[in-house]
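The structure under discussion appears below in the form of structure tokens.
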Amino acid sequence: MGAIQAALDAQELTDHHCHGVVTADLPREDFEALLTEGGVWPGISPFDSPVGVSVRRHCAPLLDLPRHAPIDDYLARRAELGWREVNRRFLAAGSTDVFCVDTGYTPDRLTTPAELADTVGGSAYEVVRLESVAEAVAAKGVEPAEYAAVFRAAAREAVGRPGVVAVKSVAAYRTGFDLDPARPSADEVTEAARRWLAAGGRLADPVLVRHLLWTAVDLGLPLQLHVGFGDNDIRLHRCDPAHLTDWLHLTAGTIPVLLLHCWPYQRQAAYLAAVFEQVYLDVGLTLHHVGPARAGAVLAEAMEITPYRKLLYSSDAYGLAEFYCLGALAFRRGLTGLLQDRVDADELSLPDALRIARWAGADNARRVYRLPGPS
């Protein structure tokens, strides 16, 4: 084992964007629904995909099964062990000790941040999803002219909770990023609120999404933005992060902006991280979906021009504890191979490679979110 692999294998990761895991035993149909960002279609199992194959290859041994165990054997053994033991094994295998948990999407019964961290004796922090705050304000009832002030107050209350370290927006799902970058006027916000509150539904008005992003700036915490790959609510061509360029110019010198996931726009995200002081990125979610075999290729594109202090680790694990294991494995393997190749080619010294691995795995996130420990 080389020094880089040994260092990354030994390092506890800081997962700067993740979710809870399910607290129930899952029948096959529910497991398959969580295995994919798409649907479960007749005759096509999500197990027959790169992520499904990776689960059977890399997760089966943690359930005391052979590599590539048949699907039925895998699910039977999972049920035999029970969800508590399954979650413990996979979270422990990820060797992650700090979790920044997005609590804004919980259609299933998921672990709380504290429950997630307690599974492995780690630490948990919360990421507040601002669309959820806005939709809660609307659900309680608010006059259009009062919406901006009430939303701002609710957002400030939410980020004032103990353990909150960041906010998040899913504007990529609701409108995309090809928005007017300017802060909307009070009259524009009131009129947009009037339309939205009358129509109901999710927050998807472009003016109110702009207002939400600017409210995030005012809150002063790091802002996480979903970019690229996700479920079919996204219009992929509209969530290219390059659309954020003018907004990033306007918000220079304010808050860190964390671009999450990014595939297939990891190169555009890398460009933004290279030219804007406040921009950082990860390729979480992507890594467990492409699997350990292709993780290095995605990381290589993300790191072509990204300053090494700008790359963070995340799993974006949701629902299935397997994703914590796979995300960490793919990150470690991909980054190890990439750094080792550069050391072998004499493009990096070994001390530099070890420093970059330490930064990406934990220290960069600790610095951006002002978490305890080395940064």
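Each value in this text was obtained by applying a stated rule to the coordinates, not by laboratory testing. Just so we're clear, the structure is a prediction, and the values are computed from it rather than from any experiment. With ideal geometry, Cβ positions are generated from the backbone for all residues, glycine too; neighbour counts draw on all protein chains shown.
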(request) Pop a pseudo-label 7 angstrom from the Cα along the beta-carbon direction at both residue 254 and residue 198 and give the gap in nm to one decimal. (result) 2.9
(request) Hey, can you grab everything whose amide H is under 5 Å from the amide H of residue 279? Only 5+ residues off in sequence or another chain; H modelled, so Pro and N-termini drop out. (result) 257
(message) Need the full-extension length gain, residue 236 to residue 178, defined as separation in residues times 0.36 nm minus the C-alpha distance. One decimal, nm.
(response) 19.7 nm
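For the chain, what does the helix formula give at 222 nm: sum of -39500 (n - 2.57) over DSSP H segments with n ≥ 4, over the residue count, nearest 500 deg cm²/dmol? The partial results should precede the final answer.
Working: 18 runs with 175 residues, N = 375.
When only DSSP H runs of four or more count, the value is -13500 deg cm²/dmol.
Quick one: net charge of residue 2's neighbours, Cβ under 12 Å, K/R +1, D/E -1?
Values: positive: none; negative: 9, 341, 344.
Its environment carries a net charge of -3.
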(request) Taking the convex hull of the Cα atoms, report for the range 146-233 its projected area averaged over all directions, in nm². (result) 6.3
(message) If you take every residue apart from residue 193 with its C-beta less than 10 Å away from the C-beta of residue 193, what net charge results, scoring Lys and Arg +1 and Asp and Glu -1?
(response) -3
(request) Relative to the longest principal axis of the C-alpha atoms of the chain, give the angle of the C-alpha long axis of helix 206-219, reported between 0 and 90° and rounded to the nearest 10°. (result) 80
(request) Report the calculated FRET efficiency for residue 3 and residue 77 (r = Cβ-Cβ distance, R0 = 30 Å), to the nearest 0.05. (result) 0.25
(message) So if I average 1/r over every pair of distinct C-alpha atoms in the range 1-129 and take the inverse, what Kirkwood radius in Å does that give?
(response) 16.0
(request) Would you pull out the residues with amide H under 5 Å of residue 14's amide H, same chain only if 5 or more places away, H placed 1.01 Å from N? (result) 362
(message) Per 0.36 nm of contour for each residue apart, how much would the distance between residue 375 and residue 187 grow if the chain were fully extended, relative to their Cα-Cα spacing?
(response) 63.4 nm
(message) Using a Förster radius of 25 Å, what is the FRET efficiency between residue 305 and residue 92 based on their Cβ-Cβ separation? Nearest 0.05, please.
(response) 0.10
(request) Excluding residue 256 itself, calculate the net charge of residues whose Cβ lies under 12 Å from the Cβ of residue 256, where each Lys or Arg counts +1 and each Asp or Glu counts -1. (result) +3
(request) Give the label of the value calculated from the structure for Cα Rg over 2.2 N^0.38 Å, choosing from (1) 0.98; (2) 1.03; (3) 1.18. (result) (1)
(message) Of 76, 41, 137, which is farthest towards the positive pole of the chain's charge dipole, taken about the Cα centre with +1 and -1 on the beta-carbons of Lys, Arg and Asp, Glu respectively?
(response) 137
